[in-house]
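Please read the structure below before turning to the comments.
The values are calculated or read from the model by the stated rules, or taken from the named source; none is laboratory data. Everything numeric here is computed off the predicted structure, so don't read it as measured data. Here the Cβ positions follow ideal geometry from the backbone for every residue, glycine too, while neighbour counts run over all protein chains shown.
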Amino acid sequence: MMKRVGLFSVVLLMTTLAVVVRGQTNANFSGTWTLSKIEPPPTGRGIGGGGDEAFGAIAQTVVIAQSGSDLTFQSGSIKGVYTLDNNTTVTPAGDVNGLKTRAHWEGSKLHLHYKRGQNWCRDVLSVNGNTLTILRDLESGGGSTTRTITYTK
């Protein structure tokens, strides 16, 4: 009898945890975000310090549209399209030199990975109220950098 009660308790606990985990919703990053702070500040040249056209450049404004299993990240004139299932999307489709993007959730944080040629970047997005924080790891032209970029809505 004691074993049955113990087994029942374990099954009940596991079922409750499954319902709680399934009930959690992912953050929504949709909106127009304005640059607030960059740490460490870019030098104005080199990795991530150029204008809006540079790979991994830090734009004054980013626009994120998120719906269901898709997300569009517009940074300056560069637009990345992501499916939130860790599958790779190539834009334009079939182009070996196209922009390759993929995204996945890690808890409430969204990881955006993108690659073009020998350049790659990973943005880890988190949101707290009207503040968007992006931890950006960038490797381009043989150099690499990590920055924390903060935007406000």
- strands (runs of 3 or more DSSP E) enclosed by the stretch 53-109 - at least 1 residues per element that are on the phi > 0 side of the Ramachandran plot and either out of contact with any Leu (no Cβ under 9 Å at 6 or more places or on another chain) or among the aliphatic types (A, V, I, L, M) (or both): none
- Task: Look through the stretch 76-101, keep the residues that are free of Cβ contacts under 8 Å to residues at least 12 places away in the same chain and among the hydrophobic types (A, V, I, L, M, F, W, C), and return whichever of them is surrounded by the most Cβ atoms within 10 Å (Cβ to Cβ).
- Result: V90
- Query: If we scan the stretch 56-68, do we find a residue that is out of contact with any Phe, Trp or Tyr (no Cβ under 7 Å at 6 or more places or on another chain), surrounded by fewer than 16 Cβ atoms within 10 Å (Cβ to Cβ), hydroxyl-bearing (S, T, Y) and at pLDDT below 90?
  - Reply: no
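Taking the conditions exactly as written (within 19 Å of Q60 (Cα to Cα), of a type outside the set (S, T, Y) and either buried (at least 17 other Cβ atoms within 10 Å of the Cβ) or over 13 Å from the mean Cα position of the chain (by Cα) (or both)), does K115 satisfy them or not?
no
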- Under the condition of being surrounded by 15 or more Cβ atoms within 10 Å (Cβ to Cβ) and modelled with pLDDT of 70 or more, which residue from the stretch 36-55 is nearest to the chain's Cα centre (by Cα)? I38
- Flag for K109 being among the basic types (K, R), within 28 Å of T25 (Cα to Cα) and surrounded by 15 or more Cβ atoms within 10 Å (Cβ to Cβ): yes
- Item | N119 vs. criteria within 24 Å of N26 (Cα to Cα) and not acidic (D, E) | no
- Note on the structure: Reported set for the stretch 84-104 where residues are of a type in the set (V, I, T) and under 24 Å from T34 (Cα atoms) is T101
